[in-house]
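For reference, the structure is listed below as structure tokens.
The values are calculated or read from the model by the stated rules, or taken from the named source; none is laboratory data. Just so we're clear, the structure is a prediction, and the values are computed from it rather than from any experiment. No Cβ is skipped: glycine too gets one built from the backbone with ideal geometry, and neighbour counts run over all protein chains shown. Accessible surface is based on the protein model in full, side chains and every heavy atom, while ligands, DNA and RNA are left aside. Shrake-Rupley method; radii C 1.70, N 1.55, O 1.52, S 1.80 Å.
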Amino acid sequence: MMEEIIKHKFFWDLYASIYDENRRHEEYLRNTNLNILKTYFRPGQTLIEIGCGTGIEAKEMIKHGCKVVLTDVSFEMLKVAKTKVGSNAQVINLPAEYIDSFKIKFDGAYSSFGVINCMTNVSSFFQKLHSILKPGSLFIASFINRWYWGDFLFFLFGITNYLKKRLNGWGHITLNGKEYDVIARFYSLNDIKRFSKSYFVIKKVYALPFLLPPAYLKPQERLPEKLFKLLQKLENLINYRFPFNYLGERIIVIFERI
Ligand SMILES: C[S@@+](CC[C@H](N)C(=O)[O-])C[C@H]1O[C@@H](n2cnc3c(N)ncnc32)[C@H](O)[C@@H]1O
């Protein structure tokens, strides 16, 4: 376990300085995720963010009126996050695997854009997270889905070949086309239900996205604006409905602590 955590630490340290620029094409998904966070979390609540990266969401949640404690395994990511949140938030270098080190209980937690896919033991993470949250509080997580319907289509048309990785259930993480010796694991909604069921109930599930193309195809650069907006409208009508919410590129899950 420790070896994997250290590999992730080095990889994300390396990525930190170019992360924000590299993820700009994800903005349409980020906005959806942030809208959901702001819908479920109320101003005045004290939240913990797990795997905060460069602090993009923490900055917005602080603006929303929440107190946020930012945690991440990567010191370099936290350094960038600190430039965004300044003295408005606590920033702590802590792997998710040790999240139960906190002695206080939070009003809620969130973890966005695939932090769960970096973890070594997701069941154990849910158990530890449970111990630092107040009963009835929410945990909102977005993660890369194992069963994304678009991968079959893109494979068939020769557009991408991510299908093999997803079907394997894991793959090496790539950065600017280079594959690194760090692993991401892909989980289905049913996997996540199994890992979390003793500690959390699932309140709602959203695809991120189902109909809109995924961020790695840079749809805002490729599609006419009118078509993109139309797809976005349709996306909002179906992304929380079964079976679409099981089959998105990523999935956002709203958990309630038991
Ligand atoms: C894809 S980035 C997502 C960052 C941020 N949540 C966002 O929305 O942009 C994954 C983040 O998870 C962090 N991470 C990876 N493994 C971790 C672990 N075991 N514990 C805590 N953070 C971890 C990385 O350092 C990185 O900042």
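Brief remarks follow.
- For region 2-257: accessible area per residue (Å², 1.4 Å): 48 Å²
- For the pair region 90-169 and region 4-53, the centres of their Cα atoms are 11 angstrom apart.
- Charge-dipole axis of region 2-257 as Lys and Arg at +1 and Asp and Glu at -1 on Cβ define it, positive-most pick from 156, 64, 14: 64
- Region 36-148: Rg to Rh, with Rh as the Kirkwood radius over Cα pairs: 0.93
- In a simple Cβ point-charge model (Lys, Arg +1; Asp, Glu -1; nothing else charged), region 54-121 has a dipole of about 300 debye relative to its Cα centre.
- Anisotropy class of region 174-258 from Cα gyration tensor, a/c 1.5 cut: oblate
- Classification of the chain by its C-alpha gyration tensor yields a rounded form. The axis ratio a/c (a ≥ b ≥ c) stays under 1.5.
- Given +1 at the Cβ of Lys and Arg, -1 at the Cβ of Asp and Glu and no other charges, the dipole of region 2-257 around its Cα centre is 720 debye to the nearest 20.
- Considering helices alone, the calculated mean residue ellipticity of the chain at 222 nm is -12000 deg cm²/dmol, with DSSP H runs of length four and up weighted by -39500 (n - 2.57) and normalised per residue.
- To put it simply, the accessible area of the chain at a 1.4 Å probe is 57 percent carbon and sulfur.
- Among 205, 80, 227 - extreme Cα towards positive end, dipole of the chain, charges at beta-carbon: 205
- About the centre of its Cα atoms, region 1-83 shows a dipole size close to 400 debye [charges on the beta carbon of Lys, Arg (+1) and Asp, Glu (-1) only; nearest 20 debye].
- Ordering 189, 40, 143 by the projection of their Cα atoms onto the charge dipole of the chain, which places +1 on the Cβ of Lys and Arg and -1 on the Cβ of Asp and Glu, puts 40 at the extreme positive end.
- Accessible-area order (highest first, 1.4 angstrom probe) of the listed residues 226, 105: 226, 105
- For residue 12, the solvent-accessible surface computed with a 1.4 Å probe is close to 40 Å², ligands and nucleic acids excluded.
- Contact order normalised by residue count of the chain, Cα under 8 Å, 6+ apart, percent: 19 percent
- Straightening the chain between residue 159 and residue 46 buys 36.4 nm, computed as 0.36 nm per residue apart minus the Cα-Cα spacing.
- Of the residues 152, 125, 11, the one that moves most in a GNM of the chain with alpha-carbon contacts below 10 Å is 152.
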